[in-house]
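Please read the structure below before turning to the comments.
We did not get these values from a lab; they are worked out from the coordinates using the rules stated. The structure displayed is predicted, hence computed values, not measured ones. Every residue, glycine as well, gets a Cβ built from its backbone with ideal geometry; the counts of neighbours run over all protein chains shown.
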Amino acid sequence: MLLYGDYHTHTRYSHGKGSVKDNAQAAYEKGLKEIAITDHGLKHIAFGLKKKKILHLIKDIAEIKDSCKVKILMGIEANIIGTDGQIDMTDEEIEMFDIILCGYHKFIWSKTAKDFFVFFAPNIIYDFFNFKLSKKRIEVNTQAIINNIKRFPVDVLTHINYGLKVNCGEIAKVCAKYGTFVEINGKRITYTDKEMKDMLESGADFIVNSDAHSTERIGEVKICEELINRLNIPPQRIVNLSASPEWRSQAAKKAKKSLK
Ligand SMILES: [Zn+2]
Ligand SMILES: [Zn+2]
């Protein structure tokens, strides 16, 4: 499956193997037109992009932008840091990026101690032992993601249900309303066919990304293709097959500027 753009790739700024230039070159060789560099957000304990590296990233992209044959977007895979849906970025930082991906990751500096004890710790333990979550806990998890989508201009919700069991259909409904794309992640499928069907019914649109941590994996979305074929997901529901998607965060920026 050839994508127009791969909008979820990591570099050495988090725990990927390549540089910005390496990823862009790999994207060109794979026949892509666009690539987003989306390293982990700042509150990821081990792999988060360091605040001072944001300027390095801007410089890296600026240096190769003109000579590069693919368009490079400066993105980030932000983290949810609390049950209120808080993201690990300031408004100023959000403004600096072309696209904002957001997802649940477990090893995060949580917003408050309470968030650690009632949200992160139980989910880490339940996920590790593969315990069945109570209805109440799934509701809390679902609401955290819904709060996140409502409060922040998230372009892409990454690997839904990964490490954090949620009601996928309910979240996808909110994504549809707010213009956030639900990711079909090339590294892992994290929901059942039934959950995918619920998300399709919700009216949300989807984006297919590799989540590559090495240059060889850029544009590689074989497991997504299998899922799409098996469930007959209509191509028009996938926003990055033949054109550049319309990004919610960019629309929000434009709207903000026109108010000034
Ligand atoms: Zn991730
Ligand atoms: Zn990722």
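For the chain, what is the percent of antiparallel DSSP beta bridges, rounded to the nearest 5? Could you put the intermediate results ahead of the total?
Details: 2 of 27 bridges.
Expressed as a percentage, antiparallel bridges in the chain total about 5.
When only Cα pairs under 8 Å and 6 or more residues apart are kept, what is the percent relative contact order across the stretch 27-126? Mind dumping the intermediate values first?
Details: 144 pairs, mean separation 29.5, N = 100.
RCO, the stretch 27-126: 29 percent.
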Alpha-carbon spread of the stretch 1-140, three principal axes, descending order, Å: 52, 35, 22
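Give me Rg/Rg_expected for the stretch 140-244, where Rg uses Cα atoms only and Rg_expected = 2.2 N^0.38 Å with N residues.
Details: Rg = 13.1 Å, N = 105, 2.2 N^0.38 = 12.9 Å.
Dividing the Cα radius of gyration by 2.2 N^0.38 Å gives 1.01.
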Evaluated at 10 °C and 1.306 mPa s, the Stokes-Einstein D of the chain based on the Kirkwood radius over Cα pairs, in µm²/s, stands at 86
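Under DSSP H, which helices of the chain have Cα atoms covering 20 Å or more of the helix axis and a Kyte-Doolittle average no less than -1.0? Mind showing how you got there, number by number?
Working: long enough: 135-151 (24 Å, -0.88).
For the chain, where a helix must reach 20 Å along its axis and average at least -1.0, the hits are 135-151.
DSSP loop chymotrypsin sites (Phe, Trp or Tyr not before Pro) in the stretch 81-187 with at most 16 other Cβ atoms within 10 Å of their Cβ, which ones? Let's see the in-between values first.
On the way: sites: F97, Y104, F107, W109, F116, F117, F119, F120, Y126, F128, F129, F131, Y162, Y178, F181; in loops: F97, Y104, F107, W109, F131, Y162.
Counting only loop positions with at most 16 other Cβ atoms within 10 Å, the chymotrypsin sites (Phe, Trp or Tyr not before Pro) in the stretch 81-187 are F107, W109, F131.
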Would you kindly state how much longer the chain becomes between Q236 and E63 on full extension, computed as 0.36 nm times their sequence separation minus their alpha carbon distance, in nm to one decimal? 58.8 nm
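What does the highest-first list of 38-44, 247-253 look like by mean Cβ count within 10 Å? Could the numbers behind the result be given before it?
Numbers: 38-44: 25.0, 247-253: 18.1.
Ranked from most to least packed, the peptides come out as 38-44, 247-253.
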